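To start, the structure itself, in structure tokens.
The values are calculated or read from the model by the stated rules, or taken from the named source; none is laboratory data. Computed from a predicted structure; not experimentally measured. When we count neighbours, we look across all protein chains shown, and the Cβ atoms used for this are built from the backbone with ideal geometry, even at glycine. For accessibility, only protein heavy atoms count, side chains too; no ligands or nucleic acids. Shrake-Rupley method; radii C 1.70, N 1.55, O 1.52, S 1.80 Å.
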Amino acid sequence: MRKFISIFSLLLILVLAAAGGAFAQNDPEWTEAFPGFRVAGNLYYVGSKGLASYLVVTPAGNILINSDLEANVPLIRASIEGLGFKFSDTKILLISHAHFDHDAGSAKIKELTGASYMVMDADVPVVESGGKADFQYGNRAEFLYPPAKVDRVLHDGDEVKLGGAVLVAHLTPGHTKGCTTWTMKVTEGGKTYNVVIVGSPNVNPGYKLVHNDAYPQIARDYQRTFDVLKALPCDIFLGAHGGYFGLEEKYAHRGESGRRPKAAPTPGGDTDGPTSGADKAGAANPFIDPAGYKKFVTEKEQEFRAELEKQTDAAK
Ligand SMILES: [Zn+2]
């Protein structure tokens, strides 16, 4: 019996390891197309089912957040064009953080659009080395990608401005050294909303929170991230993966009227056009979810603290 259990356990471990490995690189939802739609004001979702990308539309051109995998570039382009915008109007490219699932397509997008690539200081070496400078995955071939030249190095609190839109780069490190949470304001139905696009609060499998020679201040950085996230005012809760904020569920609960702009989209967040998240009956836009944001941040901080405690105890 004992032998049976040990063989069974071993098999289970192998199966879980294989599934975990596959998930890290090849989650099929990452490259599954998702309809482009207007979140609110001049902010649009143009990502896949599993990898979030956003387009901020302005009269001076557009800002794209997250290039995702190289395989996602045609999907992002199709979403942008499907919404009635020009891919070539992408003037600025930003990322949530320097991991291949959010930045591997950047070199391609720069080449196709000529966009100016702006990245948080501590993520710049990773982006420009195609992932080789990453503290955790730098020597893992399956995590590397085409390097891309950064045109503007961002620092905590820097503003990215284009055609009246202002995005603020908040350093929320730990997951990567330069992990960035983006905030902006959108206007919808005469009201102004605070948007938060969370960079990532996740402690990945294998991350060393104690005695990490490649990233000695990692635990302090995560704590800083949670302090920053808790202090940000948030009405519209978004993030680098749809799973953070319930993309599919919220998308399903939004009104018919917002699924596609009826007329040519009005740049600059003009709110006289079709409603976005709000449905015909005037129900609230499901992406306006301050309670969901607070719950997410609280849960992620608890996960981090539990993992830190576990690793601290094990190191004793
Ligand atoms: Zn990541």
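Taking interchain pairs and intrachain pairs at least six residues apart, which have beta carbon atoms under 9 angstrom, with the first residue in segment 156-179 and open to solvent by less than 10 Å² (accessible area, probe 1.4 Å) and the second within 16 Å of the ligand (Cβ to nearest atom) and modelled with pLDDT under 95?
none
Out of the residues in segment 111-129 meeting the condition of being closer than 25 Å to His170 by Cβ and part of a loop (DSSP other than H, G, I, E, B), tell me which one is farthest from the chain's Cα centre (by Cα).
Residue satisfying both the conditions and the ranking: Ser129.
Kindly evaluate Pro146 against the criterion of being open to solvent by less than 20 Å² (accessible area, probe 1.4 Å) and either in contact with a strand residue (DSSP E or B) (Cβ under 9 Å, 6 or more places away or on another chain) or more than 16 Å from the ligand (Cβ to nearest atom) (or both).
no
Can you tell me which residues in segment 112-123 are more than 16 Å from the ligand (Cβ to nearest atom) and either open to solvent by less than 10 Å² (accessible area, probe 1.4 Å) or under 13 Å from Asp151 (Cα atoms) (or both)?
Gly114, Ala115, Ser116, Tyr117, Met118, Asp121
Residue-by-condition table, conditions (1) open to solvent by 40 Å² or more (accessible area, probe 1.4 Å); (2) touching a Phe, Trp or Tyr at 6+ places or on another chain (Cβ under 7 Å):
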site	(1), (2)
Asp213	yes, no
Leu238	no, yes
Gly246	no, no
Glu249	yes, no
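Please find, among Ala264, Ala278, the residue that is open to solvent by 70 Å² or more (accessible area, probe 1.4 Å) and either small (Gly, Ala, Ser) or at pLDDT below 95 (or both). Can you show your working first?
Values: Ala278 fails: open to solvent by 70 Å² or more (accessible area, probe 1.4 Å).
Being open to solvent by 70 Å² or more (accessible area, probe 1.4 Å) and either small (Gly, Ala, Ser) or at pLDDT below 95 (or both) holds for just one of Ala264, Ala278, which is Ala264.
Restricting attention to segment 128-168, which residues are touching a Phe, Trp or Tyr at 6+ places or on another chain (Cβ under 9 Å) and polar (S, T, N, Q)?
Across segment 128-168, the qualifying residue is only Gln136.
If you scan segment 69-108, which residues turn out to be hydroxyl-bearing (Ser, Thr, Tyr), open to solvent by less than 30 Å² (accessible area, probe 1.4 Å) and away from the ligand (no atom under 16 Å from the Cβ)?
First, pick out the residues of segment 69-108 that are hydroxyl-bearing (Ser, Thr, Tyr): 79, 88, 90, 96, 106.
If we keep only those that are open to solvent by less than 30 Å² (accessible area, probe 1.4 Å) too, we end up with 79, 90, 96, 106.
If the condition is that a residue be hydroxyl-bearing (Ser, Thr, Tyr), open to solvent by less than 30 Å² (accessible area, probe 1.4 Å) and away from the ligand (no atom under 16 Å from the Cβ), then Ser79, Thr90 are the ones that fit.
It is to be established whether one or more residues within segment 187-205 are assigned to a loop (DSSP other than H, G, I, E, B), farther than 24 Å from Gly47 by Cα and at pLDDT 95 or above. Steps first, please.
Residues of segment 187-205 assigned to a loop (DSSP other than H, G, I, E, B): 189-190, 199-205.
In the following step, the residues that additionally are farther than 24 Å from Gly47 by Cα were identified as 189-190, 205.
With at pLDDT 95 or above added as a condition, the list becomes 205.
Yes, segment 187-205 contains a residue that is assigned to a loop (DSSP other than H, G, I, E, B), farther than 24 Å from Gly47 by Cα and at pLDDT 95 or above.
Counting just the residues of segment 132-141 that are farther than 23 Å from Glu111 by Cβ and out of contact with any Gly (no Cβ under 8 Å at 6 or more places or on another chain), which one comes out most open to solvent (accessible area, probe 1.4 Å)?
Per the stated criteria, the residue is Asn139.
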